[in-house]
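Written out below as structure tokens is the structure these notes cover.
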Amino acid sequence: MVTVIALGVSAAAQPPAKDSIPEDSLRKAPVLLKTVTVAGRKSLVKQVTGKTIINVEASITSAGATLMEVLERSPGVTVDKNGSLSLKGRSNVLVMIDGKPTYVGGAELAALLNGMSAAQVEQIELISNPPAGFDAAGNAGIINIRTKKPKQAGFNGSINASYTQGRYARTNNSLLFQYRNGRINSFLNYSFNDSRNFTDLYAYRQYFAADGRSVIARLDQPSRFNTDFGYHNLRAGMDYTLSKKTNLGITLAGNQQHYNGDGYSAATWLNESGIKDSVIFSTSTSPSNRRNGAINLNLRQVFNSREELTADLDWLGYRIRNDQQFNNQREGAGGYSEAIRGEAPSTITILSAKADYARQLAGSGKWEAGWKSSRVNTDNDAAYFIRTTGNWQPDLGRTNHFLYKEYIHAVYSNLSKQWEKFSLQGGLRYEYTNYDARQLGNASRKDSSFSRHYQGLFPSVTLEYKADSLHRFSLSGGRRIDRPPFQKLNPFVFVINKYTNQGGNPYFLPQYTWNIETGYQYKEWLSAQLRYSNTSQSFSQIFLTDSNGIITYTEGNVGRRQNYGLSVSVNADPLPWWNCSLQLDLLHKKVAGYLWKAFDASINQGTMNINNQFRFKKGWAAELTGYYITRSQEDLQEVVEPTGQVGLGISKQVLNNKGSIRLSARDIFYTQAMAGLSLFQYSDEYFKIKRDTRNLTISFSWRFGKAVKSAARKTGGAQPEIERVGGDR
């Protein structure tokens, strides 16, 4: 809503000509103040050069949803079966919250995004070619999640509560408070998520003879996993204005997650003729606790109308505890039983400091320069025990203690300039990385250590031409890096189930990507981009099979990946009460590398997202949304079948438009299954995963406070080696 103050006078008393009115009469003449309210609405998706902005609150179906559920149906974003994110068909995305790193990846990042409530989020920014001021990490670009911070004076905020019913129930609630008065601006944002979920996993594995064609055994393994998940998230901060030129700020953040999982599977071995040989029944439990705390101190110093300096100091700490227990029982003659228990605590501490200087140049130019240094320490201790008969005995082959320390230093310079129809931004970033890792030994294994250092230059440039008020053209390019997640450098083996393990790779190297993109935008409703990327030392999952038929999957560098992409997005109003946004991403992907043999694969894949918003009278609104992903391939050894979903929602404004009630249905046709085929050296595996994705949510939100816009709050600092704390563990 936009309030316009208008001046008006009575029609019965029209004033005389201006030149006949005395000056003092102009000052004393009575006028009537009228308030004109102009109704407006915020579009769900907005396209600007190099960036897509998603206004989360504009989506009815986001009510009661987690942040992960919002991302999976955001235009250009896809989520794989492990919860890893891709942007416009490219994986390895740098994820930030309020301009700051998450510092976690794989399962840890998925847990974070599944724990955050969508009600905490104001916008999601998808940035395809970040300037040099950002870290060079993330070959696909950046997903920056901006949380809500009310722009109001006094004491105000919002309350959100929701209940979701699928096969199981869950609740997702949040509170947001802000107090702003004079020199002090403070906020508190809290959310609580409690849920129960399930995963049905079906896997059918075939083992081949040395010729690669003759089937010698089959493994049929349906599994069921149930999880109870609780998540508390708290963010609080305060800005204090020392003077017109100096501002100090502090932000505190923390979250606590508890996760309890239990699983059951029946692995049936079949011979080459398909006749049952034996069955192994497995049960598992996997309790987990994750705690995270963060402190940010920031300073903004304005020297004059042209110069300013900002500085940030960040400390982050993670305490993670993952425990496991597997019980395996073989049916029939020659049966046996065994149990495996694992205790895997880990700690991570991160310290980061940065400073950025900006100076306005003559005309419309701007020069920026900065420095950043970060230090990461990780301590991962995994103790495994096995029991076949009698007491528990140490399993020294799996037990591991891994220590890792990393330093990254960076400097950058960036220059931007605007002319009447052209604008140019170009920058160069230099990053130096050094790390040391040590795997402590035990009675069956000696100590081992490895270290590495590397450096690189990362240019970025964007040129924009504004032909007129309707048409814009752009050309951008840059070089980026993806460093291996910390945990994936850890060589120890992590048990998934009786016949599947996961292992790290200490020889894992960073991958480098060159990106080029050209774009066109017509008004605010049509945009299109053509892009090309070339990645060397590209990441890929690697699946290895041992003589006992156990699959161990890890990750490594396999060769080169090339992507050719086309994106088209439309944001239109077919009728005054109907807004439609549509995005189509087409990708031709070529992946070449060597595992046990040379691979050269290519695939055409696409993603379509559509969102329809309908605004009716008396505060009623509705939304129809959906997405579809074609057959796709990210790794050399895995192809995923098509998937998608449809959602529907309705809402009603209440309490003088300060509150709303929303009812939404997600995955109405229960089509969001993930299925595919994985290829191994002497075997392959078909898999299908279904979760509790079809559900119904009712939510209530209420806003309170006086609407007075304030200056945007500074979000702070560390720009990290993102998504690198955890692996898919």
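The values are calculated or read from the model by the stated rules, or taken from the named source; none is laboratory data. Keep in mind that what you see is a predicted model, and the values were worked out from it rather than measured. Methodologically, a virtual Cβ is constructed for each residue, glycine included, from the backbone with ideal geometry; neighbour enumeration extends over all protein chains shown. These area figures cover heavy atoms from the full protein model, side chains too; ligands, DNA and RNA do not enter into them. Shrake-Rupley method; radii C 1.70, N 1.55, O 1.52, S 1.80 Å.
Within region 218-302, what whole-number % of the accessible surface is contributed by carbon and sulfur, with the 1.4 Å probe and all protein chains included in the calculation?
Carbon and sulfur together cover 59 percent of it.
Can you sort ILE481, ILE250 by solvent-accessible area, 1.4 Å probe, largest first?
ILE250, ILE481
May I ask which of LYS51/LYS81; LYS276/LYS498; LYS46/LYS417; LYS46/LYS617; LYS148/LYS658; LYS51/LYS523 have a Cα-Cα span longer than 20 Å here?
Long pairs (Cα-Cα over 20 Å): LYS51/LYS81; LYS46/LYS417; LYS46/LYS617.
Would you report the distance distribution of C-alpha pairs in region 452-590 as whole percents per 5 angstrom bin, up to the bin with the largest distance?
Result, from short to long distances: 2, 8, 13, 13, 12, 12, 11, 9, 8, 6, 4, 2, 1, 0 percent.
Across region 208-221, in residue order, what do the Karplus-derived ³J(HN,Hα) couplings come to in whole Hz, using 6.51 cos²θ - 1.76 cosθ + 1.60 with θ = phi - 60° and x for Gly and Pro?
Coupling constants for region 208-221: 10, 6, 4, 6, x, 10, 6, 7, 10, 6, 9, 10, 9, 9 Hz.
When ranked by the protection proxy of mean other Cβ atoms within 10 Å per residue, highest first, what sequence do the peptides 502-510, 60-68 form?
Per-residue mean Cβ counts within 10 Å order the peptides as 60-68, 502-510.
Quick check: with the 1.4 Å probe, what order do ARG375, ARG235 take by accessible area, largest first?
ARG375, ARG235
Leaving out ligands, DNA and RNA, and with a 1.4 Å probe, what % of the accessible surface on region 430-491 is carbon or sulfur?
54 percent
Give me a comma-separated list of calculated 3J(HN,Hα) values for region 233-240, in order, Karplus coefficients 6.51, -1.76, 1.60 applied at θ = phi - 60°, integers in Hz, x for any Gly or Pro.
So the Karplus estimates, Gly and Pro as x, are 10, 9, 10, 9, x, 8, 10, 10 Hz.
Mind checking which aspartates and glutamates have their Cα closer than 13 Å to the Cα of LYS245? Skip sequence neighbours fewer than 8 apart in that chain.
The qualifying aspartates and glutamates are GLU307, GLU308.
How big is D, in µm² s⁻¹, for region 388-451 by Stokes-Einstein at 20 °C and 1.002 mPa s if Rh is the Kirkwood radius over C-alpha pairs?
Translational diffusion coefficient: 127 µm²/s.
Give the span of region 569-642's Cα atoms along each principal axis, as three whole-Å numbers ordered largest to smallest.
Result, largest extent first: 65, 17, 12 Å.
Provide the packing ranking of 85-95, 655-665, 49-59, i.e. peptides ordered by the mean count of other C-beta atoms within 10 Å per residue, highest first.
Highest-to-lowest ranking by the protection proxy: 85-95, 49-59, 655-665.
How large is the dipole of the chain about the Cα centre if only Lys and Arg carry +1 and Asp and Glu carry -1, each at its Cβ, rounded to the nearest 20 debye?
Charge dipole of the chain: 2260 debye, to the nearest 20.
I'd like the accessible area for HIS232, computed on protein heavy atoms only with a 1.4 Å probe and all protein chains in place. Round to 10 Å², please.
Here the residue's solvent-accessible area equals roughly 70 Å².
Over the Cα atoms of region 172-316, compute the convex hull volume and normalise it per residue, giving Å³.
185 Å³
Please compute the Kirkwood hydrodynamic radius over region 424-464, one decimal place, Å, based on all pairs of different Cα atoms.
Every distinct Cα pair counted, the radius reaches 13.6 Å.
Quick one: Debye curve from the alpha-carbon atoms of region 563-716 only, equal weights, vacuum; give me log10 I(q)/I(0) at q = 0.09 Å⁻¹ to two decimals.
The Cα Debye sum returns log10 ratios of -0.50.
So what's the angle, to the nearest 10 degrees on a 0 to 90 scale, between helix 106-115 and the longest Cα principal axis of the chain?
The angle comes out near 50 degrees.
Based only on Cα atoms, what mean projected area does the convex hull of the chain have, in nm²?
Orientation-averaged projected area of the Cα hull: 36.8 nm².
State to the nearest 20 debye the size of the charge dipole of region 294-388 about its Cα centre, where the only charges are +1 on K and R beta carbons and -1 on D and E beta carbons.
200 debye
Looking at region 111-205, send over the antiparallel percent of its DSSP beta bridges, to the nearest 5.
Approximately 100 percent, going by the DSSP bridge assignments.
Give me the accessible area per residue for the chain, probe 1.4 Å, as a whole number in Å².
Accessible surface, normalised per residue, equals 45 Å².
List, in order, the whole-Hz ³J(HN,Hα) value for each residue of region 669-679 obtained from phi through the Karplus relation with A = 6.51, B = -1.76, C = 1.60 and θ = phi - 60°; use x for Gly and Pro.
So the Karplus estimates, Gly and Pro as x, are 9, 6, 10, 7, 8, 10, 9, x, 10, 10, 10 Hz.
Note down the Stokes-Einstein diffusion coefficient of region 600-688 in µm²/s, whole number, using a Kirkwood radius over alpha carbon pairs, 37 °C, and 0.692 mPa s.
Calculated translational D: 205 µm²/s.
Which loop-located chymotrypsin sites (Phe, Trp or Tyr not before Pro) does region 533-592 contain, where loop means any DSSP state but H, G, I, E or B and the Cβ has at most 14 other Cβ atoms within 10 Å?
In loop regions of region 533-592 (DSSP not H, G, I, E or B), the sparsely surrounded chymotrypsin sites (Phe, Trp or Tyr not before Pro) are TRP577.
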